[in-house]
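Reading through the C-alpha cells given below for one structure.
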Amino acid sequence: MAMFQIITQEGWTDFVVEVLRMIDDRMVPFVAIYFVAYHLFVTLIVLSLFVAVILDNLEMDEEMKKVKQLKTKEATTWMRTTLPWRLRIFEKFPTRPQMVALKRVDSEFPVPKVRDSFTNQFVMECEDVYDEPEELGNRKILLKSTEPLLRRRSRILTRHVGQLTIKASIQGLIRSSFNQTNKAMLTALRTKPMTFYDQMTENGDLSRPLETSSKKDLKQGEIDVRALQQKRQLAEMTRNRIEEDLRENHPYFDRPLFAIGRDSTVRKYCQKIVYARYDPSHKGSNGSKTISRRYKQIHALIGLMPYLDWAMVIITMISCASMLFESPWPTTGENLVMFNGYLQIADYIFVLSMTFELAVKILSDGLLFTPNAVVKDVGGVMTLFIYITSLIYLLTMPKHVEINSWAQLLMLCRAMRPLRIYTLVPHIRRVVVELFRGFKEIILVTILMIIVMFVFASFGVQTVGGRLAACNDLTIKSRENCTGTFWQKIFVTRLEVYGKNDDNIHPKILVPRVWMNPRNFNFDHVGNAMLALFETLSYKGWNVIRDILWARHGPWAVVFIHTYVFIGSMIGITLFVGVVVANYTENRGTALLTVDQRRWHDLKARLKMAQPLHIPPKPSESARLRIRLYELTMSKPFNQIFAFLVVLNSATLLVPWNVEEENEIKSALYVITSISAIINILFAIEILLKMVAFTITGFWQSRRNRIDLLITAMGLFWVVTHFFVALPAQIVGQENSLKKFTYTFGFIVVILRFFTIAGRNNTLKMLMLTVVMSMFRSFFIIIAMFLLVLFYAYAGVILFGMVKYGQAVSKHVNFRTGSEALVVLFRSVTGEDWNDIMHDCMKSAPFCYWKPGNNYWETDCGNHYGAIIYFCSFYLIITYIVRNLLVAIIMENFSLFYSSEEDALLSYADIRNFQLVWNMVDIEQKGVIPVRRVKFLLRLLKGRLEVDPNKDRLLFKHMCYEMEKLHNGDDVSFHDAL
C-alpha cells in the first residue's frame, strides 16, 4: 500500500518523512535515496510506459493511414460541393431570375426580356471614353441596362464564349503584360498548347479529364493525387455555379439584410474597412522585387488579421485588463463596475467599438443569409451572444445582485468577454476547430469513464453508504453519546516539541461534539460518491478515503479504492490522454502521415529551422596567428573545457551567497567567490581569443557571441565591484549594503552563464531547440488556454469572491480579485489541492452568513452547485484536454529532433556541411549571395547534397538555371539554395 501510494504521488513525502523519523540516523541517507529512486523510476518511466503503450495501440498501420487520407480528402471534396443550410434555404423559394429589357427602335417588333446573365456573357467592361448620345449612331439593338454605361463609354470589350476566344484573350494578356512586339515570341505564344483550356467546353465547364493511366496501374494503397485535385476543382466549380445560379434566380441572395444592393457604394466602402490589412509579402512598388526586411515574423504577425480585427483585439484586451481591477471587496462595492465610473469607461469603449465593428461587417457581408455572413458558424453565434449580453449589462447595470439571480447570470455572461479573441485570431480559431473535430472520441472516452465511476459509486453506496459518519470526539463511538463538549488538542507543528500530547501542557480548545461525515466526501448517495471518485481521478484525497475506510470498515474496504485508482486513474486517465493526443494529431494531419510522408514533413521542418552559422570563414594563410587561434577556438577540446568551467561555476552556488552566511563560513564563501571570479576572467580571455581569431566584426555577427560578451562584461563588473570595492569597504567598517548587492548580482551572473551551456553541447542544444520550438508552435494554444483561464477567473470572482476562509481558502488563496483568482487557477492546473478549494467554495447557509435580499458581496457564502460545475469543468478542460495538447506538440517536436540520422532524408550532418560551405561562400555574412556564386556552392557540397558537375552535368545546369530564374538574377538567400 505504501509503495502504491508513492506511485500516485499523493502524500508520499509525508510517508517518507515518517519512515525516516523511525529508523536509525545512520540509515537515513540510504533510505532516502531508495525512496527517491523508486519514485523517479515509477513516475518517470513506468507511468510513461502506460501512455506509450496506449499511443502505440492507437497508432494506425500504413494501409489504414492511406485509406484515412483518401476518405478525408473525399469528404473535403464533397463538402465543397454543398452549400450551408443558411444558403440552401433559397432553394425552397420560387426562382425569380433577373431580367433586362432591350431597347427597340421605331417600326420594329417588340423584343421580350432576356436574362441579365445572358447579356453579361457578351458585355463585360468598357473603356472610359465619353460620347454624346447622338454620336452613337443608328444602332439596331441597345441594352436598356447598359444605356447609361454607353453614354459614358464607347468601346465595348466582349466576353469570351468559346475555346478560341479564351486562347486569344489569354495570349493578349500575356502580350500586354510582357509588352513584347517580337514576332517570334508572338508566334511561340500562339503555337503553345494550352492544355487546361483545351479541356473546357463552350459553356466554360471542364470536360472529363483524360485518363492517362488506368486504376489498374496504381499499386495497392496508392492515391491518385491528380484525380483528387481534378475532383476538387470540379467541386469548387460546382459550388461556384450553384452560388451564381442562386445569385441570378433570387434577387435577395447575397444582399446584406435583404436591403443593401450587391454593388452598393455603401457596401463597397464597408468591405474596404473590413478587409483592409497589412501586406507582409514585402514587395516593391512595381511588384517585381521582394524587399528584404528584418523581423519577418513580426511583419507576418501584423498581416495575420485585418486592421479592424487588430483594433478589436486591442480594445478587448484593454477591457479585460480593466475587469481585473473589479472586486467585491470591500463590502461597500466601491470596486465593482456598477459603482465605479472609471471601470465603466472600458465597458463603454468595448460596446461602442463592437457596435461599429458588427455594423460595418453586417453591411459588408450580411448577418446570416449571405455567403460570408457574420453569423455563419459557432464563432459568429458566440460573437453575437457576447455583444448582446455586454449591451444589455451596460444598459441595465444592475446594482442589486443576489446569489443565483438573473443579474448574477448576466454578470457571468459578461465574463465571457476574453473568449471574443477566439473568433478574431484565425490561428486560435483553428486550434479550437482542430480540438472539436475529435470531440466525438473524447466524449466516448468520457462516457466510458462516467460508466466506470458509476459502477464503483454504486458499489460504494451499497457497501459503505451512510456508515462513514463519526463523532469528532474520537473517544465516542456511538451517535447517541455524541453530545456535549470536549477539549480538542491544537497542533501547530509536526516537530516533537516539549509537552506535545501531554494532557497538562498541550494547548486545547473547548468544542461541541458533532456526528458528521468526513469533510470532503461521503457515499450517502450516487451523486456525492461520483464527486468523490472524480476527485480521486486526479490522485487527490484518495489516501484520505483509504484511511477512513480502513479505520471504520476494516482492511477489506481498502481493496475497493485501490482497484478504482488503478483502473480509473492509471488506465482510464492515461487512455483519455492518449485519445486527446491521437485525435489532435490526426485532425492536424500528422497522425495520418505514412513513414515516407513523415520523413518529408520532418525534412521541410528541418530545412526551415536551419540558419547560417554566422561564423567568419577561416583567415587567409598569411595571418598565421589568427589561423592558430581560429583552429583553437573552433576545436572540440576547447569547447569541452569551457563547458566544464560553466558547470564548475554553477557548482559554486551550492553555498548561499549572502551576508548572513558569511558570518558563519566566511573563509569558505571567500574561496568559492574567488573561484567564480577566476572562471569569469577565463571567460574574458576566451572572448579576447575569439575576437582576435574572428575579428571584431566577425565576432559580432553571431548572436551567441554577443550574449557571451554581455554576460562576461557583467561578470567582470561583479569581480571589480565585489573584490575591489565591497570587501575593502567592509574592512574599513562601512555598511554591508554594497556587499548585499554584489552577492545578489554575482549569483545572477552565474545563473545566466549556466544557460549558455546549451550552445556548447549538441545534445543539450537539440533539447533546448525542442523546448523553444514547442513554445513557438504551441504559442496560440497557450494564448487560448490563458484566455479560457481568464474567463474562469472573472467567473470565480463573481461566484466565490467573498467566500470565508477555510481549510484551503486563505489570504493567499482566494477569489477576491481577478489577479488573485488567476494565481489560484494556475495553481489548480497543477492539481495542487484543487478539490479542497472546491469544497471551501461550496459553503452555503447555515455554514456561512446569509439572509434573504443580500447582495453577493454582502455575504461570505459560496455556491454549492456552482462550485461543482466550475471546478470540475475547469479541471476537465484545462488539465485533461488543453494541457495534453501541449504534450502532443512536444511529442511531435521530439520526433523531429530525435529521429535517427539513417531514417531521415537529410541528416543534421548534411545540413551542417551545407552551413559550413555557405559560410565559406557568403564572405560578407549577409545571408545572401550573388547568383554567380551558386555554382561554386554546388561544387563544394559533400554527402547527400553533393552534385558532381561531371556526372550530373544536366542536373548541375538545371539547378543553376533555377537559381537564376528564382529572383530574376538577384541575390539568392540561404533557404533558397538549401
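The values are calculated or read from the model by the stated rules, or taken from the named source; none is laboratory data. Because the structure is a prediction, the values reported are computed rather than measured. Backbone-built Cβ (ideal geometry, glycine too); neighbour counts: all protein chains shown. All accessible areas refer to the heavy atoms of the entire protein, side chains included, with ligands and DNA or RNA removed. Shrake-Rupley method; radii C 1.70, N 1.55, O 1.52, S 1.80 Å.
Key figures
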| item | result |
| --- | --- |
| Spin-label model distance (nm) - ILE314 vs LEU710, 7 Å beyond Cα toward Cβ | 2.7 nm |
| Computed lengthening from LYS618 to GLN9, 0.36 nm per intervening residue step minus Cα-Cα distance | 213.7 nm |
| Rounded percent of accessible protein surface that carbon and sulfur make up, the range 749-876, 1.4 Å probe | 70 percent |
| Segment LYS268-ILE451, length gained on full extension (0.36 nm per residue, minus Cα span) | 60.3 nm |
| Inter-part distance where the range 370-449 and the range 807-825 are each reduced to a Cα centre, Å | 25 Å |
| Most positive-pole-ward Cα, TRP600, ILE665, LEU654, against dipole of the range 571-669 from beta carbon charges | TRP600 |
| Accessible carbon and sulfur surface of the range 904-968 relative to its total accessible area, %, 1.4 Å | 57 percent |
| Protein-only accessible surface order, largest first, of LYS361, LYS740 at 1.4 Å | LYS740, LYS361 |
| Label point distance in nm, LYS508-ARG232, each placed 7 Å from Cα along Cα→Cβ | 8.1 nm |
| Residues TYR342 and PHE786, FRET efficiency given R0 of 30 Å [Cβ-Cβ distance, rounded to 0.05] | 0.75 |
| Exposure ranking of MET891, MET411 by accessible area [1.4 Å probe, largest first] | MET891, MET411 |
| Sites PHE776 and GLU660 - FRET efficiency at Förster radius 35 Å, r taken between beta-carbons, to 0.05 | 0.25 |
| Distance from the range 451-465 to the range 320-369 (C-alpha centre basis), Å | 47 Å |
| Estimated inter-spin distance, TRP406 and VAL433, nm [label 7 Å along Cα→Cβ] | 3.7 nm |
| Accessible area (Å², per residue) of the range 697-815, counting only protein heavy atoms and a probe of 1.4 Å | 52 Å² |
| Residues VAL378 and GLU244, FRET efficiency given R0 of 35 Å [Cβ-Cβ distance, rounded to 0.05] | 0.80 |
| Cross-link pairs LYS608/LYS951; LYS604/LYS965; LYS477/LYS804; LYS268/LYS376; LYS231/LYS268; LYS666/LYS740 - those with Cα-Cα distance over 26 Å | LYS608/LYS951; LYS477/LYS804; LYS231/LYS268 |
| Additional length obtainable on full extension of the chain from ASP25 to ARG939, 0.36 nm per residue less Cα span | 322.0 nm |
| With every protein chain in place, the range 605-700: carbon and sulfur % of accessible area (1.4 Å) | 68 percent |
| Sparse-neighbourhood loop sites, trypsin sites (Lys or Arg not before Pro) in the range 924-976 - DSSP loop, at most 10 other Cβ within 10 angstrom | LYS951 |
| Solvent-accessible heavy-atom area per residue, rounded to whole Å², over the range 344-486 at 1.4 Å | 50 Å² |
